[in-house]
Amino acid sequence: MENKRKSLKKNQIVAFLITIAIVVLVNVIGSYVFTRFDLTSEKRYTLSPTTKETLNNLEDYVYFKVYLEGDFPAGFKKLRRETKEMLDEFRAYSKYIDYEFINPAESGNDAEIRETYNQLYQAGLNPTDLNVQNSDGSSKQMVIWPGALVSYRNNTEIAIDLLENQIGQSSEAALNASMQNLEFRLVDAIKKVTRLEKPHVAFIEGHGELSDEELADIAKTLGQKYNVERKSIDGQIDALMHRTQDTTRDVKVFPSYDAIVIAKPTQPFDEKDKFLIDQYIMHGGKVLWLVEPVFATMDSLQNQESTIGIEQDLNLDDMLFRYGVRLNRDLLLDLTCAQLPIRTGQVGGQAQLEFFRWYYFPLLQAASEHPMVRNMNAIKADFVSSIDATTSADGVEQIPLLKTSNYTKVSGVPVFISLAMLRQAPDQRMFSSKSKNVAYLLKGSFPSLYANRIPQEIIDDQATDFLEESEPTAMIVVADGDIIRNQFDIRTHKPLPLGFDQYTGITYTNKEFIENAISYLVDGEGLIDIRSRELKIRLLDATKISKERVKWQVINTVIPIALIIVLGLVMAFVRKKKYSKTDNHEEK
C-alpha cells in the first residue's frame, strides 16, 4: 500500500510539472504568435483592417481622457463599458494606447465643478442633461459629458463626442448607434492627432461662394485633420495642379489638393475655370459640389412676406450631367421639416417668438446603406432641389446619399414662396410625392467634358497633359449649399457650430455629414467603411424587469450558489465512498 501511495504521489507531481510546462510553453508561443478569438455572432471584437493598420503604425502614446465615469443610468454604463472594451481591444494590438476614465463632477466644490465644465466646453465637448429616476420614485437632474479628449506627443488635444445626436430618436436607439460607431470615432481621432503631414483641402472662391465667416466652423473642424485654405482659380493653369519634370524632361501633372469644395456658388463659372476643374478631376482630384440650381434665400423674407425662387444659371449643368447627375430646376417642400421662429409680439422689452414648421427646410435622411450616411440622424437643408442620376457616364457608380421623406411636394420654378403658409394647416394631399434624392456619391472613371472639343495643340501640350478620361476617383454632389453654412449668434454675431439651430436648441448632423464626405474623398473607403459595422445591442425588457425583478434576482443569485453546494456535497459523498471501499479492500 505504501508503494501505491508513493506511485500516486509521483504521478501527481509529474502531472503538475507537465501542467506548468504547458502553461509556460503556451505563454512563450503567445509572446511570438498573436491571435484572438471572437465568439460573438456580430464579431463585436473583430477590428477592421484599417484599424489594425493604424494601431500597428503608432510610434508614440495616444492618450484618451474619457469623461464617462460616475453613477449613470444603465444605458450610459453600457456605453462606458463598450468604450473601455474597445480601448482595451486597441491595446491588444498596440502598446501605445493609454486611457483614463474621469468623473468631472468630482473636481471639488460647486465653483471648481463649474470651472471644470467650462474647460470641457471650451475644449469642444458637449454636455448632455439627463433626468434620472431614483429608486424611491423621485427624479434628479444630471449633467454628463459623453466624450473624450485625445492627445499625442505635444499635439493639441482634440475632442470627440461618443454619444450620437438624438434628434427624433429614443435614448436606446441613440446609445445603440453610439456603440456601433465607437470604432470609427476612436480610430478617426487617432488619425487626426497622429498625422504628421495633413492632406490639403481647398474651398474654391471667385464665383460668389460662401464667405469665410459662413464656413468658419467647418473650416475650424476640418483644420484639425487637414490643411484648409481658400483658393481662387481665376483661369490660372497652376491653380489646382502642380507640375514636375523628370530626367527625361517629361512633364508630370499632379493635383495640388486632395479635395476641393465648391460651396454654394452664385455666379456662373467661365469655361476656363471649368476646364481646369475638369482636368483636376481627370488627374484623380476629388470634389465636393454643394450647388443650388434654384436661387432662394431667407434673406429675401426679412422685410417682406413673400419672394420668388428663380432658376440659377451657374454654367455647370453640362459638366455635372457628363459626370452622371442632373440637378433639377425645382424646390422640395417636406412635411418632415425644421421649424422657423416668427416674432409675434413683445413683452417687457423681450421679443415673443412662435415656432412654425417651414416646409422649405426639409430634414434629410440617408438614401442608402452607404457607410458615409448609415445610422446618421437628420440633416437640415435650406431650399433644396432634387437630383436625378443620368446614363451619360459609363462605368461611373451612382450612389444616392440623402433624400427627403415620403411626404414631399415638388414645386417647379419660378416658385412663389410666402410666409403666409405658416398660418395655414398643410394640405397633405399636396405632399403626395415619394422621397426625392438630393445628394449623390459618384465614383469611377469620369469622361471629360472637353473630350473631342479642344484644339489638337492643347492636347499635345505637355504642360497641359490633357486627359479625356479620369483616373479612378470620386465626387459628391449635393443640391443645397446651405447644408455647410453655420449660423451666427444673434447677440455676439460670432459663428455657431455647424448644424446648431440657436432658436430651437437642436443640433442637426450637418457637420458629421460634411466631415464624413471629406474623409471619404481624402482617405478613401478604408476608414469610412468602419461605419458599416453593426452591433446587436440586446436590450432588456423594461416591463418584464419591473414585474419579475424578484424572480430573476433569485434565479441569478440563489440558484448558482445552491448548485455549487449540491455539487460539492455530491463530490464529497462520491470521494468518501470511493476511498472507504479502497481501505476496506486493503485491510482484507
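Coordinate-derived values only; no laboratory data. All values derive from a computational prediction rather than experimental measurement. Positions of Cβ are backbone-derived with ideal geometry, glycine not excepted, and every protein chain shown enters the neighbour counts.
Are there trypsin sites (Lys or Arg not before Pro) in region 254-362 that DSSP puts in a loop and that have at most 15 other Cβ atoms within 10 Å, and which ones?
none
If each of Ile29 and Leu422 carries a label point 7 Å out from its Cα toward its Cβ, how far apart are those two points in nm?
Going from the Ile29 label point to the Leu422 one covers 7.3 nm.
Count charges around Gln428 for me, please; just the other residues with Cβ under 13 Å from its Cβ, Lys/Arg as +1, Asp/Glu as -1.
After counting each charged neighbour, the total is +1.
Considering only DSSP beta bridges whose two residues both sit in region 49-190, what percent are antiparallel, to the nearest 5?
75 percent
Need the C-alpha centroid separation for region 69-102 versus region 277-299, integer Å.
Using only Cα atoms to place each centre, the spacing works out to 41 Å.
Modelling each spin label as a point 7 Å along the Cα-to-Cβ direction, I'd like the Tyr121/Thr557 distance in nm, to one decimal.
Spacing of the two 7 Å Cα→Cβ label points: 4.2 nm.
Going by a ≥ b ≥ c, the root eigenvalues of the Cα gyration tensor, does region 370-422 fall in the rounded group (a/c under 1.5), the prolate group (a/b larger than b/c) or the oblate group?
Oblate, since a/c reaches 1.5 and b/c is not below a/b.
Find out how many positive minus negative residues lie around Lys380, taking Lys and Arg as positive, Asp and Glu as negative, among other residues whose Cβ is under 10 Å from that of Lys380.
-4
Suppose we keep just the alpha-carbon trace of region 49-190; what are its Rg and Dmax in angstrom?
Cα-based Rg and Dmax for region 49-190 come out at 15.9, 52 Å.
Rounded, prolate or oblate: pick one for region 261-353, where a ≥ b ≥ c are the square roots of the eigenvalues of its C-alpha gyration tensor, a/c under 1.5 means rounded, and failing that, prolate if a/b is larger than b/c, else oblate.
prolate
Assuming 0.36 nm per residue, please report the length gained on full extension of the stretch Phe356 to Thr46 beyond their Cα-Cα distance.
The Phe356-Thr46 span can extend by a further 106.9 nm.
Around Val384, which amide H atoms from residues at least 5 apart in sequence, or from another chain, sit under 5 Å from its own amide H, with H modelled in the peptide plane?
So Val384 has HN proximity to Leu332.
In this model, which of Lys65/Lys225; Lys78/Lys192; Lys52/Lys225; Lys84/Lys551; Lys77/Lys436; Lys140/Lys380 are farther than 29 Å apart at the alpha-carbon?
Lys84/Lys551; Lys77/Lys436; Lys140/Lys380
Give me the number: length gained by fully extending Thr390 to Ser300, i.e. 0.36 nm times residue separation minus the C-alpha to C-alpha distance, one decimal in nm.
This chain segment gains 29.1 nm when fully extended.
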